[in-house]
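The values are calculated or read from the model by the stated rules, or taken from the named source; none is laboratory data. The structure presented is a predicted model; accordingly, all values stated were derived computationally and were not measured. Every residue, glycine as well, gets a Cβ built from its backbone with ideal geometry; the counts of neighbours run over all protein chains shown.
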Amino acid sequence: AQSVSQHNHHVILSEAASLELGCNYSYGGTVNLFWYVQYPGQHLQLLLKYFSGDPLVKGIKGFEAEFIKSKFSFNLRKPSVQWSDTAEYFCAVKDRGSTLGRLYFGRGTQLTVWP
Amino acid sequence: EPEVTQTPSHQVTQMGQEVILRCVPISNHLYFYWYRQILGQKVEFLVSFYNNEISEKSEIFDDQFSVERPDGSNFTLKIRSTKLEDSAMYFCASSELAGAYNEQFFGPGTRLTVL
């Protein structure tokens, strides 16, 4: 079975600081990778995804993530965070061979950005 | 922009009672999912549903749980006899397509508290 680890449970930053949230997964096969974000009181939204090709993917709101296959990692980054980035961030993977697309999530990282 | 909606946003119930959590998926979507997140833990897959049948379920989805699409719009999760450990945030999701490349759109969640 898949396992997804997010190393940071709560990250606190000041505005303009750089962000990196770690995500590692364990699975023997090929996976598709996702980052979701949940703003306070809102639904989970897709931030970015990686299927194949360039391992550096760009998402919405200035976020990007890098897939490093040898490290089984898909870390999320943003060069300069804003107060509005305060949210919970979830890394998720799917077995590429899955016919139904069940997602395996990490525990989530709460990001708090101080103005 | 179409969204997945869930009601209620918060449900409090006594142990042993039945609860029904409701979801309205995006109208042209055909695949439906329930996930849950116990406080401090990972978001976990419960069940997927397509063509009025369960497609896949996890080990968590035991006989106490059932899902139904009673009409053309609602998708419900029923817990027959709630336990304390059922307290969690329950997320509904839907997707237009199946498979590892689909995007699942999530609702805002229902927080279930079992006393």
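Based on what the data block shows, is A:ALA17 assigned to a strand (DSSP E or B) and surrounded by 12 or more Cβ atoms within 10 Å (Cβ to Cβ)?
No; evaluated as a whole, the condition is false for this residue.
Of the residues that make up the stretch B:86-109, is at least one more than 11 Å from the chain's Cα centre (by Cα), among the charged types (D, E, K, R) and modelled with pLDDT of 95 or more?
Yes.
Applying the selection to the stretch A:21-38, what residues are within 11 Å of chain B (Cβ to nearest Cβ) and assigned to a loop (DSSP other than H, G, I, E, B)?
A:GLY29, A:THR30
Quick check on this structure: which one of A:PHE63, A:PHE90 is surrounded by 13 or more Cβ atoms within 10 Å (Cβ to Cβ) and away from every other protein chain (no Cβ under 14 Å)?
A:PHE63
Just checking, how many residues over the stretch A:41-59 are of a type outside the set (A, V, I, L, M, F, W, C) and either touching a strand residue (DSSP E or B) at 6+ places or on another chain (Cβ under 7 Å) or closer than 10 Å to A:PHE74 by Cα (or both)?
Of the residues in that region, 7 qualify.
Take B:SER27 and decide whether it is over 25 Å from A:TYR39 (Cβ atoms) and either assigned to a loop (DSSP other than H, G, I, E, B) or at the interface with another protein chain (Cβ under 8 Å from one of its Cβ atoms) (or both).
The answer is no for B:SER27.
From the list A:VAL81, A:VAL113, which residue is farther than 30 Å from B:TYR50 by Cβ, more than 10 Å from chain B (Cβ to nearest Cβ), touching a Ser or Thr at 6+ places or on another chain (Cβ under 6 Å) and not basic (Lys, Arg)?
A:VAL113
Have a look at A:SER3, A:SER98, A:SER70 and point out the one that is among the polar types (S, T, N, Q) and farther than 20 Å from B:PHE45 by Cβ.
Being among the polar types (S, T, N, Q) and farther than 20 Å from B:PHE45 by Cβ holds for just one of A:SER3, A:SER98, A:SER70, which is A:SER70.
Here's a check for you: in the stretch B:72-85, which residue that is of a type in the set (S, T, N, Q) and in contact with a strand residue (DSSP E or B) (Cβ under 7 Å, 6 or more places away or on another chain) is modelled with the lowest pLDDT?
For the stretch B:72-85, the residue satisfying everything is B:SER73.
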